[in-house]
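Rule-based calculations on the coordinates, nothing more; no lab input. It should be emphasised that the depicted structure is a prediction, and the values quoted were computed from it without experimental measurement. As a convention, Cβ positions derive from the backbone with ideal geometry for all residues, glycine included, and neighbour counts pool all protein chains shown.
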Amino acid sequence: MTLTLRRAEDRGRADFGWLDSKHTFSFGHYFDASHMGFGPLRVINDDRVAAGGGFPTHPHSDMEIISYVLEGALEHKDSLGTGSVIRPGDVQRMSAGTGIRHSEFNASKTAPVHFLQIWIIPEQKGLQPSYEQKAFAAAEKDGKLRLVASHDGREGSVTVHRDADVYATLLSGSQRVEHRVREGRGAWLQVARGTLLANGEALRPGDGVSFTGPGVVSLSDGEDAEVLLFDMAM
C-alpha cells in the first residue's frame with residue numbers, strides 16, 4: 001500500500017470575507033493539474049461561512065454532493081422543494097443528476113458555520129435529482145468507523161450513486177481503528193479536526209492522505225480527532 005500526503009497548508013484557498021474555503025482538489029479559480037481529485041472523489045472543500053453569509057441559489061448537475069457539518073448550522077433549500085437545517089452529526093446527500101438548483105446559508109445570524117463540502121462523480125449521467133439527510137450520533141463514531149454513505153445505503157447510511165463507502169470516526173487517547181482496502185480500490189483520509197496518526201504518519205487538521213493498493217489503514221493516537229475515510233473502486 002502506497003501512502004501520499006496532502007498537507008493542509010498546500011491546499012488552494014478562496015477568501016471572500018463571508019466565506020473562507022480551503023480546496024483539497026482543484027475548484028473554482030484554484031487549479032492544480034496534479035490535484036484534480038482521487039478516483040471518483042472530485043472535491044473536498046473545507047468551508048467556514050460567517051454569520052448571516054451563504055451561497056445564493058445556483059445550479060448543479062451530474063454530481064453527488066455531500067455536506068458534513070462540524071460546527072454551527074447550515075440551512076439548505078433546493079428546487080425539489082426540500083428545506084432543512086444541517087447540524088453537526090448530520091450527513092446530507094444531494095444527487096444533482098439532470099439538474100438541481102439550491103442555496104446554502106449559515107442558519108445563524110451570530111455564529112459561524114464550519115462544514116466539509118464533498119463531491120463524488122456519479123456512476124452515470126442523467127440521474128433523477130434527489131435529496132437525503134440522516135443524523136449519526138457521536139456515540140456511533142466514537143472509537144469506531146461508522147459508515148455514513150454507501151452505494152447501497154446499508155447500515156442506515158445515505159445512498160450515493162457510486163461504488164464508494166464513506167466512514168466517519170472520532171478518536172482520542174488509546175482508541176485505534178483499522179480498515180482494510182481491497183484490491184482494485186483506493187482510500188482517501190481527510191482530517192476534519194484534531195490530530196492523529198495514520199499508518200504512523202502524524203496528521204493535523206485539514207491534512208489528507210491517499211492510500212493506493214491493497215492493505216490496511218490504521219488510525220491511532222487521536223487527540224480530539226474527527227476524520228472521514230473514503231473507500232472507493234478506482
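Quick check: residue separation of Ser103 and Ala137 times 0.36 nm, minus the Cα distance between them. What number comes out in nm?
Values: separation 34, 0.36 × 34 = 12.24 nm, distance 2.58 nm.
Separation in residues times 0.36 nm, less the Cα-Cα distance, equals 9.7 nm.
Find how much the distance from Ala51 to Asn199 grows on full extension, using 0.36 nm per residue of separation minus their present alpha carbon separation; answer in nm with one decimal.
On the way: separation 148, 0.36 × 148 = 53.28 nm, distance 3.79 nm.
Answer, rounded to one decimal: 49.5 nm.
How far apart, in nm, are the 7 Å Cα→Cβ label points at Glu223 and Lys144?
Taking the simple label geometry, Glu223 and Lys144 are separated by 2.7 nm.
How many lysine pairs are close in the chain, with Cα atoms under 24 Å apart and the two 8 or more places apart or on different chains? Present the calculation step by step, with values, prior to reporting the outcome.
Details: Lys22/Lys77; Lys22/Lys109; Lys77/Lys109; Lys77/Lys125; Lys77/Lys134; Lys134/Lys144.
Summing the qualifying lysine pairs gives 6.
How are the C-alpha pair distances of the chain spread across 5 Å bins, as whole percents from the shortest bin up?
Calculated P(r), rounded to whole percents: 1, 7, 14, 19, 22, 19, 11, 5, 1, 0.
Going by Cα centres, the stretch 179-215 and the stretch 40-74 are how many Å apart?
Their Cα centres are 22 Å away from one another.
Work out, step by step, the length gained on full extension between Glu155 and Val216: first 0.36 nm times the residue separation, then minus their alpha carbon distance; give nm to one decimal.
Once the chain is fully extended between Glu155 and Val216, it gains 19.8 nm.
Pop out the ³J(HN,Hα) list for the stretch 42-49 in order, Karplus 6.51 cos²θ - 1.76 cosθ + 1.60 with θ = phi - 60°, rounded to Hz; leave Gly and Pro as x.
Listing the rounded values in order: 9, 9, 9, 9, 9, 9, 10, 10 Hz.
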